Structures are given as C-alpha cells and as structure tokens.
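In what follows, a structure is listed as structure tokens, so that the remarks can point back to it.
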C-alpha cells in the first residue's frame, strides 16, 4: 500500500496494493479494497465501502452511504449526492444510499443523485445527470441521463 505523505488517511481498512495520492482525505470508518487507485484531491467519508481494483480520479467526494463494487472507474469530478432534500444545518436520520455495481464506469463531471443504483458494467457518459437507476450493461448520457444503447455482455 502507498499513502502519500500529504494525504490524511484515518482508516485502517485499506487493502494491499492500494495507492492514495496527495491531498486526499479518508475518514476512519471507510473501507477500501485491494489494488485501488485513489487520486489527488478526493474525500471518502466514514460510511463508504469500496471494492477492489477501483479507480477514483481527482476531484471526487464520496459521501456517507455509498457502496462501490469491484472494478469500477469513477472519472474526474464526478459528483455524488446523498440527501434528497438538503438544508443547511438540517440532517436526515439516515442518508440515501448509492450503489455502484461491478465494472461500472462513470465519466467526468457526471452527477449521481441520491438513492441510485448503477448496474453491472454500465457506463455513464461525461456530464450526465443520473436521476434513475441504470440497468446492467446500459450506456446513459445527457440531462436527465437516458439509455442510448447496451454494451454486449
């Protein structure tokens, strides 16, 4: 495991072969699998579970309630939200979950709304705004994201 000295890694639950680059913050409750690449300028909160062989590019913040399976790619500045009705200084009893299934890829600057599941090997285009669950092998683009095709299995 490699942890850049300019990162703040509080979690002890990080798998072998994972690399964490500078200016990343990983809170104590986070779990990260084997052989992941956590790029610079990222934040991973406590109630986040990340599988193995996951790439998280720069500018990604993973809030409480996110689960990421193995072999997922998250592009630069992809945005995740976990509160359907956000208000300053008012927090829900429990944050909405986001589940990203194995092999999914999320393009740069895509936005994933609360309560969404991204299916196995799906692809989310750059800049897409995902407001509904994405089926396995689907490719979605646009705002709101719509299915344009399916990837062959």
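Only the coordinates and a few stated rules stand behind these numbers; no lab work does. The model shown is predicted, which means the values in this text are computed figures rather than measured ones. Using ideal geometry, Cβ is built from the backbone for each residue, glycine included, and neighbour counts are taken over all protein chains shown.
General remarks:
- Condition broken by residue 101, with the remaining ones in (1) closer than 23 Å to residue 41 by Cβ; (2) in contact (Cβ under 8 Å) with a residue 24 or more places away in the chain; (3) touching a strand residue (DSSP E or B) at 6+ places or on another chain (Cβ under 9 Å) satisfied: (1)
- Residue 103 on the phi > 0 side of the Ramachandran plot and buried (at least 18 other Cβ atoms within 10 Å of the Cβ): yes
- Hey, residue 80 under 19 Å from residue 120 (Cβ atoms) and either more than 10 Å from the chain's Cα centre (by Cα) or buried (at least 18 other Cβ atoms within 10 Å of the Cβ) (or both) or not: yes
- Within the range 36-52, the set of residues being buried (at least 16 other Cβ atoms within 10 Å of the Cβ) and part of a loop (DSSP other than H, G, I, E, B) comprises 36, 39, 41, 42, 45, 47, 51, 52.
- Any hit, the range 9-30, residues being assigned to a loop (DSSP other than H, G, I, E, B) and within 28 Å of residue 139 (Cβ to Cβ): no
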